[in-house]
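Inspection log for the structure reproduced underneath, given as structure tokens.
Quick note: the coordinates plus some simple rules give every number you see, no bench work behind them. As the structure is a prediction and not an experimental result, all values here were calculated from the model. Here Cβ is always computed from backbone atoms with ideal geometry, including for glycine, and neighbour counts include all displayed protein chains.
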Amino acid sequence: MASNASAASVTTQAKLVLLGDMGAGKSSLVLRFVKGQFHEYQESTIGAAFLTQTVCVDDRTIKFEIWDTAGQERYHSLAPMYYRGAAAAIIVYDIQSQSSFARAKSWVRELQKQGNASLVMALAGNKCDMEEKREVQAEEAEAYAAENGLFFMETSAKAAVNVTELFHEIAVKLPRAPAPTAPGVVLTNQNRAPKNSQCC
Amino acid sequence: MVKTRSMRSTPEGTRAHPLAREWSSTMHPSVVREAFLAESIDAYTTRVRTRVTTGTWNTNGKAPRGDEDVRGWLMGARGEEGTPDVVVVGFQEIVPLHVDKVLAGKDAAATEAWEEVLDRALNGDAARQGATKRRGTMVDYDASYGNDAGRGGGASTSGTTSWVSFDDADVSRRAKSKAEPTYRPVAQKQLVGVYITVWVKTSLLPHLKDVRVASVATGFNIGVGVLGNKGACAVWMKLYSTPLVFVCSHLSAGTKPGDEHRRNEDFATIVDQLRFHPPDGLDGVEHTIEDAASAIWMGDLNYRLNATDKFVRDCITKGTFSQLLACDQLNIERAGGRVFQGWHESELTFAPTYKYRPGTNIYSGAEDADADVVDAGQKKEEEKKRTPAWCDRVLWNGDFDINLLEYGRSELTHSDHKPVHAVFSIVVRELDPQKLNALMFDLRRRLDHVEMAAQPKCAIVNPSVDLGEMFYSRDALGEFTMSNVGDVPAKFSLVSPIPGGPATPGWITVNPMAGSLLPGEEIVLKVRACVQGGRESGPSAFSHDSLSRRSEEPLIEIGAKPKLVEAVLVVRLEGGRDFFVMVKGQYIPCVFGTPLEDLPTTMFPPNCPQVISTLVDYVFENISTAPGIFFEPLDGLRTPGGVAKIAETLQHGETDIDFGALGVNVYDVGEALVSLLSALPRRILDEPGVLDAVDAMKLDDPQPKEFAHGLLGRHLSTKAKAALVHIAALIKRLDEECAKTGARVHVTEMILTFATCLFPESTEQPNPRRVAFIGALAGCHPSFLRTLRAREVAPPPSEPSFLPGWFNFSVSPEPQESTGNASGNLIDF
Ligand SMILES: Nc1nc2c(ncn2[C@@H]2O[C@H](COP(=O)(O)OP(=O)(O)O)[C@@H](O)[C@H]2O)c(=O)[nH]1
Ligand SMILES: [Mg+2]
């Protein structure tokens, strides 16, 4: 009983970075995930926004420290600041734009070059509510993701499709941190009172 | 047993519920733990109200006669509604405390006989079935006793425990029996005369977990251990999720003043030593009384009354017990904080329970002691003259979920003690994992929001700085404003995009680089940019590949067109977001930074670039007016903005410049020369052939001037050669000047200055061979080699003093070459 309670209480921090073309919907995905909101006129990010959000998966609690970066090409050289040391990366493209998909692929290549094998990478085809203007087929992205060992989801920050699922799936895939306490010690007692003292 | 869902919240206490504390003990970080503890435990547990009856009786070593009605003692006079869910009975002197019994440690016959009495009282017609008679519902029952015996025949070591659990098959077997027994024995522990037994309503069995027993002996110490003639037996169990502890103890007897302190010590020893171990071979943590949500302590605690025998008996006769409460040793010791600290006892409203003539309701030592009704054996007891006392007590510990309903005694006459009982209402709780998860989720969301709300919020209205036109060596100024638009103070600082790198490119400085802003405050950050020679800070900062800084590309494009230069500054709010501030300007190219090959040349000396000869000639002619030039720090000697003025003038293509009229001095011209050489996209001696040969030179074997010139002839362009020869003439002239003015010791520094700007740029100083080469080329007096060799033997560690002070604009303060350098965190545009 008590072990249920205590296991759910161990929090792992995980740095997560969103990368992708400007306007693909990175900020919108984060806003949907963290605040459950969507803004039609999301002001574009100049710099990098920092947000935190905790998710619980099974017996683990993951606290995401999210860096939502500017997508403009002119800030490209600053991206390593944010993906360096990250546990997870979400690479976002807009399903209405082949060029944003191409840009996503180049981000994937850049991350692969970093040689961080434990990095969990997710490919998000955003704005899937805009089916009629689709340029990138889900199958194409799916195949690309499978080839490159990413996991793939089509999302919509606007219609709240697959947003929580995306982050949840990342949390599930994060490698387990070594247990903070010695194995076998599930519960700890309150500090034992010194000899001869009374209880509680 | 009433199952309820509380609508009230947990009684407010200074500390959280013990269950909450237990569950929170592994929660991280501490803010989560604190937030969890602040929640009502009712939010994630189901409450089950239980009635727990505890009884304690010192039976004086007498076996039951068979006609005791213990029902009144344990079940009260209530109907079904008031029947207990848990019955805990503690005996003392369940066997006579004779030496043989004490050494035997246990007496199954005596405990069996009393268990049968309890069975009948609790189960009535359904008594005496296998399920109630055999305490074999507990596995390991025998093993635990075997353990005790194995530890020295009744000389029990303290803390002996055993693990007991249920035999489920046995529970299911009850279906066959005619009448269902209402209560089942679930745990027993004996230590000589001390015996504790716990019976639980059959319907509660599925919710009973983790039953453990333990004992501590506090009797005579016989060297190999402590005898169990006094001590405690205890049971740990979890009902639903709530851990409960029941302790039965027999503390030291004695009527002498001060004997109460021995009882206090016994109590302390028991609390200290009682350990409930996890079952053998199973993982788990051992527990102490402290770990229980509630604990109940019963027994013959043996505390007496500090009053005269007559006063005590008078009070009892008059029924004014309350006058005796202040004389009760336990009350006195507890008030003095010497025993049972933190425990509770209800006020005694019943007559002292000791010492009676067995078979009667008459206190031993009463006036009629000589009467014939008293037999010979009892006469001896009567002679002990025991003053009546409240020896038999029940106390409890725990500030949550436990309430005393009743505290009293029964009038059974079997023993010289009356049995005492205390009835409790205890709310036990079951953890609801779903509710707990929901709560934790909610809690963390709330904490996230609190954290986000506490994030500093600042705004940079127009995060871009336009420096306008930028000229060589001239400060270009700009600024941006950051304001704290949030509710909390904000700390900001400029950070490097590369770990360990500088926060700004070398050609930009920002003031201030860090600071803090109160809500509503704003601050203007001043940006100053200056383009000068040298890769680390000069025009080369405009490299395309400036982040990796390994470019072999031409470092600056030349031509008539102005060039857009940009850098991004990163301003980080502590605990918040990053801002990107774009700094840009139009760099107006000039001769500084122009490749050597594109510089117009002079007629005389032939092929020498015009600007170089102009600068060299001016210094050459005015050396005597500029002592210390090229080896002393220029601070205070040069003219502010002097190089910029020179650069501007040179740009106009003038050949015959009156530097004096321009308002600049010889030092400025010298600085301009070094700056120009440093700013060359490709330095004059940046030729692999030259570098290889020079670096292979032997210092001990100074190469003649001819070798140096031969090398140049083979590898350098005509223009480069001409420039170098002209510069070499200046160096030679400087050498002579030094000799003349007695500054010969500084020649090495002077040569080093030129070596630094002629050889390819590096964050390290040119090696001694390169310095020697320049000296040889110029035909300097070889004495400088001595200083140089001395230097090579014992190289001063990372000597920045080795560099002339005025040279700092072209050398990075930190050698960062290998890790890359952020000074040009520019922009792929
Ligand atoms: N239809 C639709 N529009 C979206 C969606 N996500 C974002 N947008 C819009 O796309 C624009 C760019 O979004 P933003 O989050 O600023 O993109 P970022 O530059 O990648 O951060 C905004 O106008 C959003 O309202 C989506 O799922 N569906
Ligand atoms: Mg954005």
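A few points about this structure:
- Pair A:Gln98, B:Ser493: separation of 7 Å Cα→Cβ label points (nm): 4.8 nm
- Judged by the mean number of other Cβ atoms found within 10 Å, the most tightly packed of the peptides B:462-469, B:85-92 leads the ranking B:85-92, B:462-469.
- Shown is the FRET efficiency for B:Gln586 and A:His168, computed with R0 = 51 Å from the Cβ-Cβ distance and rounded to the nearest 0.05: 0.55.
- Between B:Glu265 and B:Thr413, full extension at 0.36 nm per residue minus the direct alpha carbon distance yields a gain of 50.2 nm.
- Linear extension gain, A:Ala159 paired with A:Asp59, 0.36 nm per residue minus alpha-carbon span: 33.1 nm
- Cβ neighbours within 10 Å from other chains - mean over B:285-291: 5
- In this calculation the C-beta distance from B:Leu404 to B:Met452 is compared with R0 = 45 Å, giving a FRET efficiency of 0.40.
- Approximate spin-label separation B:Thr655-A:Arg134, in nm, with each point projected 7 Å along Cα-to-Cβ: 7.4 nm
- Fewest-first sequence of A:Cys56, B:Cys780, B:Cys391, A:Cys128 by Cβ atoms within 10 Å of each Cβ: A:Cys56, A:Cys128, B:Cys780, B:Cys391
- Projecting the Cα atoms of B:Leu685, B:Phe604, B:Leu662 onto the dipole axis of the stretch B:598-793, where Lys and Arg carry +1 and Asp and Glu carry -1 at the beta carbon, places B:Leu685 farthest toward the positive end.
- Projecting label points 7 angstrom from Cα along Cα→Cβ for B:Glu116 and A:Ser106 puts them 9.4 nm apart.
- Between B:Lys698 and B:Glu574, the contour length at 0.36 nm per residue exceeds the Cα-Cα span by 39.2 nm.
- The Cα atoms of the stretch B:598-793 give a gyration tensor whose axes a ≥ b ≥ c have a/c of 1.5 or more with a/b no greater than b/c, which makes the shape oblate.
- Residue mean of other protein chain beta carbons inside 10 Å, B:33-43: 0
- Over 22 Å apart at the Cα level, from the set B:Lys491/B:Lys526; A:Lys113/B:Lys563; B:Lys645/B:Lys721; A:Lys63/A:Lys173; B:Lys318/B:Lys380, are A:Lys113/B:Lys563; B:Lys645/B:Lys721; B:Lys318/B:Lys380.
- Listed residue (A:Ala138, A:Gly20, A:Pro80) projecting farthest to the positive dipole end of the stretch A:10-173, Cβ model: A:Pro80
- Counts of other chain beta carbons within 10 angstrom of each beta carbon in peptide B:237-243 average 1.
- Residue list for the stretch A:59-100, given a label point 7 angstrom along the Cα-to-Cβ vector of A:Arg176 and an amide N cut-off under 20 Å: A:59-64, A:87-88
- As a ratio to 2.2 N^0.38 Å, the alpha-carbon radius of gyration computed for the stretch A:10-173 takes the value 0.95.
- Ordered by the number of other Cβ atoms lying within 10 Å of each residue's own Cβ, fewest first, B:Trp396, B:Trp507, B:Trp343 fall into the sequence B:Trp343, B:Trp396, B:Trp507.
- Placing R0 at 60 angstrom, the Cβ-Cβ distance between B:Thr509 and B:Leu282 gives a FRET efficiency of 0.35 after rounding to 0.05.
- Neighbour counts of other Cβ atoms within 10 Å put B:Thr317, B:Thr639 in the fewest-to-most order B:Thr317, B:Thr639.
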